[in-house]
1. Would you say Lys635 is more than 22 Å from Phe477 (Cα to Cα) and charged (D, E, K, R)?
2. Of all strands (runs of 3 or more DSSP E) completely enclosed by the stretch 213-307, which ones contain at least 1 residues that are within 19 Å of Thr331 (Cα to Cα) and among the acidic types (Asp, Glu)?
3. Which of the residues belonging to the stretch 246-284 are touching a residue at least 40 places away in the same chain (Cβ under 8 Å) and among the β-branched types (Val, Ile, Thr)?
4. Is it fair to say Asp127 is among the acidic types (Asp, Glu), in a helix (DSSP H, G or I) and either more than 18 Å from Leu193 (Cβ to Cβ) or touching a residue at least 40 places away in the same chain (Cβ under 8 Å) (or both)?
5. Say whether the condition of being farther than 21 Å from Thr129 by Cα and among the aromatic types (Phe, Trp, Tyr) is met by at least one residue in the stretch 174-196.
6. So which of Val154, Val163 is of a type outside the set (S, T, N, Q), closer than 24 Å to Gly95 by Cα and not in a loop (DSSP other than H, G, I, E, B)?
7. How many residues are assigned to a strand (DSSP E or B) and within 22 Å of the chain's Cα centre (by Cα) if we restrict to the stretch 550-569?
8. Within the stretch 430-472, take every residue that is in contact (Cβ under 8 Å) with a residue 60 or more places away in the chain and among the basic types (Lys, Arg) and give me the one that is farthest from Trp326 (Cα to Cα).
Amino acid sequence: MASCCFLTSTLGIFLSLWISIINAEFYVIDDQIGLGRRFDGIGGLSGGGATSRLLVNYDEPYRGQILDYLFKPDFGASLQILKVEIGGDAQTTDGTEPSHMHYEGDENYFRGYEWWLMKEAKKRNPDITLIGLPWAFPRWVGKEQSSPYHNPDVTAGYVVSWVIGAKQYHNLNIDYVGIWNERKFDAEYIKILRRTLDKAGLTDVGIIAADGNWDISIAMALDPQLYGAIDIIGVHYPGTTTIPQALWTRKTLWSSEDYSTFNHNDVGGGCWARILNQNYVNGRMTSTISWNLVASYYEDLSFGRDGLMTAEEPWSGNYVVESPIWITAHTTQFAKPGWRYLETVGNLTHGGSYVSLTDGKGNLTVVIETMTHDHSICVRPPLPPYKVFPQNATFHLKGSFATVSELQLWYSKFDFANSKSTLFKKLQTVKVFDGFFTLSLGVDEVYTLTTITTGQKGRYTDPPNSSPFPKKYLDDFDVRNPSFDEAPNFADQTGVFEYFQNLTDPGAHVFTLRQIVTQRPIAWANDADQTISIVGDHSWRDLTVTCDVLIETVNTGGVFIAARVDKGGESVRKAMGVFFWVFANGTYSVTNDIDGKMVRAEGLSGTRAGKWYTLTLTVEGQYAYGMLDGYPLWKNAVILNPKNGWAAIGTYSFEYAQFDNFQVLAD
């Protein structure tokens, strides 16, 4: 009797299976057909605008937790590539990153935070791929010209020195370098860079070019030396498609910058899910790198919260593990660089896509996405209309996978109607019968089916609650983290402000913050003509800013403190606020703009270079007041707009100047 029941039950299972197969679309996964391209990994980009600026200011354990969510294998995003900006002293989206060579002959391989970040990533994943790419260059590199290609040997030497410094001072092996982010490439420079790397013994450091569109693939077909110099064709925001000329090169193709999409609603995660699969399905790109790695900059700057996760409050310790972290895990926790895509990848009949990958040792990972158009729009490029419908999909495992009997299943569902999305949840194992399994696919879903059993959804206890920037803030620049040159929470927007030890002043201003860039860099974005570093809360309205200042440039020098600064990033040239200036020629002015043209008050101050002064700026409602060394210098300047903004310090031009004992009291 029991045997009869067993047979009936087994028959029912097979009957249900075949009914589902009959009503499903059919897809074959077979490594005997052949293997596709090598999978090179999923990555994040730190920089391209000082995007990790606030991360270094987090206290432990929160800073380590954020890094674990990004880089720790089998925990969170488990990123396999870290791309960083080679700092060039210029504005590159949300701020400036310092160069390792401000001027010719100057070398300092401890400026900025990218060295630290690469080491932290490497500590968690020793196999992570490291890439460096310049966005801007110090002026001396171009020999007073506005292009780094003017003296290609000098520029190549500058980039190669960064690679050597990474190894010599931080034991970091850089795997690839780029050319000049999203700017027209110069074929001769690329060939010179290749020769310079080889001459330095860096034959294993590859070149990615040109971090723009696909045009370089056309040039490579006409120039054998250029073809030989380039290891990877990297493009930005390809919209998941390529061009025939790129495929004809037979070079590795990467989406070397992509995403750029807000993470605080699930559309960001949907964008990421769609392009991670379709960059390979449609464009045969074997790596996708997110701009940016982590949204760790003031949110009111350009592209706020565009990272894979958000960490913009070091003062509170709050951070947010956003949906793109778990969408990344659907691929990175179950396929490592060196795995191969199968030829059996493609688009689903009723919308969506699937990719299949193998390590060549019997392991298989299949990633499926069914993201609808409106729920997966990236910031760029425009997404043509398409439809996705619920569907049944039957997969037939053949070749080396014919004997697989079960697959681990990880699942995400974006619930846009109720804001109750399911992210990276492990479901019951999928049984495979005679090589077949069937899934009922809804819309806005992501599936990973895999033979890999090590995946996990890592989790720490919730971080502290979000809170605003402190209304009372003081920094005398005496207490400093020896690993970083920048003062906590100051975000340089034009110029570079570094810790400075004033050995000629044994008095009260031994340790200061100094603006260090004295020539306009070869820019990527539009730097202001004045240098500026912002700090605080963009919502500040009524506040008092106090700072000791030292003008170093005789006759023409000048410095400012400011309140209600409304713009930064690529819009810094248009910044409005309340700017209190003092000059080396003995005058002062109060302006409504960073250019100093909208004057609200002006007069004699008696200030000169080489002497410390204390400036105090108070803004209340529509009026502003200013003091010099504790004495009223001007009052009742009418400031109608802007209504709110950051506090700031800065200089009249690219010039040396020092700041000390900075303080803000906000209402």
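1. Spelling it out, Lys635 is indeed more than 22 Å from Phe477 (Cα to Cα) and charged (D, E, K, R).
2. Fully inside the stretch 213-307 and qualifying: 252-259.
3. Thr252, Thr261, Val267, Ile275, Val281
4. Taking the combined requirement at face value, the residue does not satisfy it.
5. yes
6. One residue alone meets the criteria, Val163.
7. Total satisfying the criteria: 0.
8. Within the stretch 430-472, the match that is farthest from Trp326 (Cα to Cα) is Lys472.
The values are calculated or read from the model by the stated rules, or taken from the named source; none is laboratory data. Worth saying up front: this structure is predicted, and the values here are computed from it rather than measured. Note: ideal-geometry Cβ built from the backbone for every residue, glycine included; neighbour counts use all protein chains shown.
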